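**Q** Sending over a structure as structure tokens; questions will come in a sec.
The values are calculated or read from the model by the stated rules, or taken from the named source; none is laboratory data. The structure displayed is predicted, hence computed values, not measured ones. Neighbour counts run over all protein chains shown; Cβ positions are idealised from the backbone, glycine included. Accessible surface areas use protein heavy atoms only, side chains included; no ligands, DNA or RNA. Shrake-Rupley method; radii C 1.70, N 1.55, O 1.52, S 1.80 Å.
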Amino acid sequence: MKLVVSIVQSDDAATLIDDLVAQGHRVTRINTAGGFLQQGNATILLGVDDDLVNDVLRIISTSCHTRLQYRSPTFAGAEVADFAAIGPIEVQVGGATTWIFDVEQVVRL
Ligand code: 2BA
């Protein structure tokens, strides 16, 4: 068994969870926030049999989309006028950043 941990954009989370549940997967959503943009995102946890990992990855890749977001630049010592002159920087946010872990044991008590 594997534990799949996937950080996705909040806008994609509901569709992703619907698609996963419709295919019989068990899912937990945790509302999280990225350290760089400091905006809400969602962390999805799935315990998955080894032979279903590719199915989960396929669903994640079709449900989650790359988007451009904008962040105000922050530099130590910068003044508000400096930010206005530079303008917001463009940041491309995933898709889904996903880790897959081997699971030693699952216990339901
Ligand atoms: P954030 O930390 O808010 O990052 C949002 C996007 O900003 C990132 O998209 C990336 O394009 C950019 N970014 C992040 N840190 C940067 C930096 N130091 N310099 C320049 N650009 C930077 P994604 O890579 O798609 O990541 C989306 C979200 O996934 C992240 O939100 C974070 O919550 C999570 N994440 C990504 N990689 C991670 C990792 N190695 N460990 C933990 N969380 C991660």
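**Q** Note down all Cβ pairs under 8 Å where the first residue falls in the range 9-35 and is part of a strand (DSSP E or B), the second is of a type in the set (Lys, Arg) and within 13 Å of the ligand (Cβ to nearest atom), and they're at least six residues apart or on different chains.
**A** Qualifying pairs under 8 Å: Gln9/Arg67.
**Q** Scan (1) away from the ligand (no atom under 16 Å from the Cβ); (2) at pLDDT 95 or above; (3) not basic (Lys, Arg) for the single condition Ile100 breaks and write down its number.
**A** Failed condition: (1).
**Q** Which of the residues that make up the range 7-36 are open to solvent by less than 40 Å² (accessible area, probe 1.4 Å) and either within 9 Å of the ligand (Cβ to nearest atom) or among the basic types (Lys, Arg) (or both)?
**A** Val8, Gln9, Gly34
**Q** Can you tell me which of Arg71, Arg29 is at pLDDT 95 or above and of a type outside the set (Val, Ile, Thr)?
**A** Testing whether each residue is at pLDDT 95 or above and of a type outside the set (Val, Ile, Thr) leaves just Arg29.
**Q** Would you tally the residues in the range 58-68 being assigned to a helix (DSSP H, G or I), within 14 Å of the ligand (Cβ to nearest atom) and touching a Leu at 6+ places or on another chain (Cβ under 9 Å)?
**A** 1
**Q** Would you confirm whether or not the range 37-57 contains a residue that is at pLDDT 95 or above, open to solvent by 50 Å² or more (accessible area, probe 1.4 Å) and within 12 Å of the ligand (Cβ to nearest atom)?
**A** yes
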